[in-house]
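All remarks here apply to the structure that follows.
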Amino acid sequence: MRNKNLKNLIIPMIIITILTSIIITINTYNQYNKLTIILNEKIAEIVGLIKQNNSELDSREIIEMLNQNDKGDNFEIGKEILSQYGIKIEKINSIVSIENQMDSNLKINVSLIFLFSLGWGIIVICYLRKRDKKINEITKYINDIRNKKYVLNIDENSEDELSNLKNELYKITIMLKEESEISKKDKENLKISFQDISHQLKTPLTSITIMLDSLQDTPNMDEETRQKFIFEISKQIEWINWLVISILKLSKLDANVIEFKKEEIYLKAFFDEIKSNLEIPIDIKNQNIIIEGNENDSFLGDYKWQQEAITNIVKNCIEHNIDGGNIKIHYTENNLFTKISIKDEGQGIEKEELRHIFERFYKGKNSSENSVGIGLSLAKNIIEKDNGLIVCKSELGIGTEFVIKYMK
């Protein structure tokens, strides 16, 4: 029985019922014995009196008369004699001592029933008072919650259903409080993000506006300068387009509206494609990407999104790597996870900067002018949303390593 309050009510009632039944049974048996003794004593007196006054009467005949099942011939005679003295055997006990004993038995039985009912009543009242007290505690607790007092006294809790209800209310309250705080934090982060986005867009838009004004105000501008302005405007528009697309991707990830596919991604072909897509920046900096790993190693994930994430990480390594340096990509697979290591030979990241590297719009000291601080944040979000983990290790003067694990 899980309901402790109900258990505390039923068990005492069962005990009282059993004890009362035993007491009434014993008392009834004793009452029966007393009545039997009284009746036998009176019969013995009557038999003695008859025998004394009628010595010629056969004793065996008297005993047979007492033990016979049917009424004998003398029944009507005896009944008539009793009625002459006002004793109606259908209504009044002919033996006064038996009548008194019956009255006593009735009083005892009524008293036992009263005590039994009183015991039940006391138990029910105690149960109701305890339940009302607990309900009042819960009501007070709800009022405390309304006044933002999120305190639960564990020492007062028991295992009854009302205490369980109080615990569940506490859990729901804490959950709602956490969600409220998360929502508040998200709003604050959104506000900061909009400020950062506004700041990021302000510079290229200002630059585009100035160049367009120059083109409009200088109709006789030489062709070379005009083409240079048009090229710069196109470049700035392309950059804004990339920024907006990246922010939209982050927004979708934050809103959990993206459903990642589960497909087997073979790492050799995966990195060969990434390397092919990044040939231009690699050639510009005269760098080399070294890929090591088993041809059959793979992991489960969304190919398109994971390519986006890993490409951003490799781009970051290209940006911070030394000219003519190597980028080493090594991957392994075991029964628990697939591990990928991407390491450059750049200047490294200072310890105080390392913990901020995945923060949105964060730009390190060695970041390029065109860096927005969104690529690594986007990569981390994609990897973690697709059942992966990512950490960054770095040593000044040696380089930076990104370690990614995709769990099985």
(request) For Y266, Y303, write out the residues from largest to smallest accessible area, computed with a 1.4 angstrom probe and no ligands counted. (result) Y266, Y303
(request) Of the options I210, G293, I265, report the single residue whose Cα projects farthest towards the positive end of the charge dipole of the range 199-325 (beta-carbon charges: Lys, Arg +1; Asp, Glu -1). (result) I210
(message) Using a 1.4 angstrom probe on the protein heavy atoms only, could you order I142, I274, I113 from most to least accessible area?
(response) I113, I142, I274
(message) Please compute the modelled spin-label separation between K275 and N167, points set 7 Å along Cα→Cβ, answer in nm with one decimal.
(response) 5.8
(message) Can you give me the solvent accessible area of I16 with a 1.4 Å probe, rounded to the nearest 10 Å²?
(response) 40
(request) Taking H placed 1.01 Å from N in the peptide plane, check which residues at least 5 places from I398 or on another chain put their amide H under 5 Å from its amide H. (result) none
(request) Give me the distance in nm between label points sitting 7 Å out from Cα along the Cα-to-Cβ direction at R355 and D103, one decimal. (result) 9.5
(request) Run the 1.4 Å probe and let me know the accessible area of D58, rounded to the nearest 10 Å². (result) 90
(request) Please calculate the 1.4 Å probe accessible area of H320, with all protein chains present, and give it to the nearest 10 Å². (result) 60
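The values are calculated or read from the model by the stated rules, or taken from the named source; none is laboratory data. What you are looking at is a predicted structure, and each value in this text was computed from that prediction instead of being measured. All Cβ positions, glycine included, derive from the backbone under ideal geometry; neighbour counts span all protein chains shown. Surface areas here come from the heavy atoms of the whole protein model, side chains and all, with no ligands, DNA or RNA. Shrake-Rupley method; radii C 1.70, N 1.55, O 1.52, S 1.80 Å.
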